[in-house]
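Since the structure comes first, as structure tokens, the remarks are kept for the end.
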Amino acid sequence: MKKQTKAVRTQTTKTQYREHSTPLFLTSSFTFETAEQGKALFDETEQGNLYSRFSNPSVQEFVDKVCMMEECEEGVATATGMAAVFASMAALLQSGDHILASRALFGSAHQIITQILSKWNISYTYLESTATEQEWEAAILPNTKMVYLETPSNPGLDLVDLEMIGKLCKKHGLIFNVDNCFATPCLQIPAQYGADLVVHSATKFMDGQGRVLGGIVVGKKEYIKDIRFFCRQTGPSMSPFNAWVLSKSLETLELRMEKHCANALELAQALDAHESVKRVNYPFLPSHPQHTLAQQQMTAGGAVITIELEGGFSRISAFMKALKIATLSSNLGDTRTIVTNPYTTTHAKLKEEDKLSLGITPGLLRISVGLEHIEDLIEDFTQAAAISAQ
Ligand SMILES: *Cc1c(COP(=O)(O)O)cnc(C)c1O
């Protein structure tokens, strides 16, 4: 069966009620038929659900689908994307280890690496996304344990060459961990390049409709085993309700991503041609500095565009005021088109020099392109560009 068929058809075993849509197991615990069964489940001579902090059928259904899509062996679902990112690091790193990461990271991932892991004597080195193979290799230290990166990055849309990093990690025995949130498994499969772990904020395109928070880490059995232990004890579990919502959403992920990407490319082209937009950044525009790499490792450019407007924050403010359809929110990956100014919102906590080195300027607008009709979106953004330029 093809992946799309499995995304629609994977579900928990049918119950005695012969339901068609997948059932929701909204329960905190599971019963034991006998005292002996309770004992057997706890000493793991019998496999089964005990308590929803450990496992739950609705959550497992979501995990099974993501493993299938990402071509990974096993996974653990978490309450949020950040819980997945944190668990993937905290479960596998220890005091004295070093983590090598691309500089262009989601704001909270940056805070975990620089403010939280550092408290436990886990050091880091950042590299530019565009660093060469020699530069990456030269940055590997004897105590380097993991390489962590995001491609395309939020919000700069910088790419990292997955094939190159995959080979380096293999050569040096490093754990290769990729945040695949922006591309989704529909556009890029990091495991095909040797990624050992893939993390997601399911809050974004996986839900795709702006309703629930969720996260997941999938990957090689040996690593997931430790991450599962970490999550079972520390408790960042995904709610069965959210898992049920997310599993239903995965049925339409491919369909939605196709439309998101088609809309984003058309909007990027229209804004690129507009005289009062200074610069448009989108991986599938030939003007993107890593356009060739984007075409190599992604099947489409994704749903996020950034544009740079002349006039800094006051221009952004006027632009946002002029928008009639797109909404102002810090979220992304919704059916509804959303804009935000990363400089003052999602990445506000970064140091000024870090912001500027990542291209996060006061005049930068991040657009998460939704599923509205493309003609309405082009009209909305071009009129806002023109009005705000006056
Ligand atoms: C939103 C996001 C996260 C964090 O996910 P939450 O579900 O908000 O915790 C991590 N990485 C990327 C790239 C994101 O966009």
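Values quoted throughout were computed directly from the atomic coordinates according to the rules given, and no laboratory measurement underlies them. Small disclaimer: the values here were computed from a predicted structure and weren't measured. We place every Cβ from the backbone using ideal geometry, glycine too, and count neighbours over all the protein chains shown.
If packing is taken as the average count of other Cβ atoms within 10 Å, what order do 257-267, 23-33, 173-183 fall into, highest mean first?
Working: 257-267: 20.5, 23-33: 13.7, 173-183: 23.9.
Those peptides, ordered most packed to least, come out 173-183, 257-267, 23-33.
Angle, helix 162-172 long axis vs. longest principal axis of the chain, Cα atoms, 0 to 90°, nearest 10? It works out to around 50 degrees. The shape of the chain can be summarised by an equivalent ellipsoid whose semi-axes, obtained from the alpha carbon gyration tensor, come to 36, 26, 18 Å from longest to shortest. Using C-alpha pairs below 8 Å separated by at least 6 residues, the relative contact order for segment 84-157 is 46 percent.
Using a 10 Å cut-off on Cβ atoms, rank the peptides 148-156, 59-67, 291-299, 341-349 from the highest mean neighbour count down. Can you show the working numbers first?
Values: 148-156: 25.7, 59-67: 23.4, 291-299: 17.2, 341-349: 18.8.
In decreasing order of mean packing, 148-156, 59-67, 291-299, 341-349 become 148-156, 59-67, 341-349, 291-299.
Here segment 279-390 carries DSSP beta bridges of which approximately 85% are antiparallel, counting only pairs with both residues inside.
Excluding same-chain pairs closer than 8 in sequence, count the lysine pairs in segment 206-293 whose Cα atoms lie under 28 Å apart.
Values: Lys220/Lys248; Lys221/Lys248; Lys225/Lys248; Lys248/Lys259; Lys259/Lys278.
Qualifying lysine pairs in segment 206-293: 5.
Peptides 105-116, 36-47, 125-136, ordered by how many other C-beta atoms sit within 10 Å of their residues on average, highest first, read 105-116, 125-136, 36-47. If each of Glu133 and Thr27 carries a label point 7 Å out from its Cα toward its Cβ, how far apart are those two points in nm? In this crude spin-label approximation the distance works out to 5.4 nm.
Could you give the dipole magnitude of segment 253-388 about its Cα centre, charging the beta-carbon of Lys and Arg +1 and that of Asp and Glu -1, in debye to the nearest 20? Show your work: numbers first, answer last.
Numbers: 12 positive and 16 negative charges, 86 e Å.
Using Cβ point charges on Lys, Arg, Asp and Glu, segment 253-388 gives about 420 debye.
May I ask what percent, to the nearest 5, of DSSP beta bridges between residues of the chain are antiparallel? Present the calculation step by step, with values, prior to reporting the outcome.
On the way: 23 of 42 bridges.
Taking every DSSP beta bridge within the chain, about 55 percent pair in antiparallel fashion.
Of the residues Ser237, Ser21, Gly107, the one whose Cα sits farthest toward the positive end of the charge dipole of segment 3-250, with +1 on the Cβ of Lys and Arg and -1 on the Cβ of Asp and Glu, is Ser21.
Please identify every one of the trypsin sites (Lys or Arg not before Pro) in segment 1-34 that sits in a loop by DSSP and has no more than 15 other beta carbons within 10 Å of its own beta carbon. Numbers along the way, then the final one.
On the way: sites: Lys2, Lys3, Lys6, Arg9, Lys14, Arg18; in loops: Lys2, Lys14, Arg18.
Of the trypsin sites (Lys or Arg not before Pro), the ones in loops of segment 1-34 whose Cβ has at most 15 other Cβ atoms within 10 Å are Lys2, Lys14, Arg18.
A simple charge model with +1 on the Cβ of Lys and Arg, -1 on the Cβ of Asp and Glu and nothing else charged puts the dipole of the chain at about 600 debye relative to its Cα centre.
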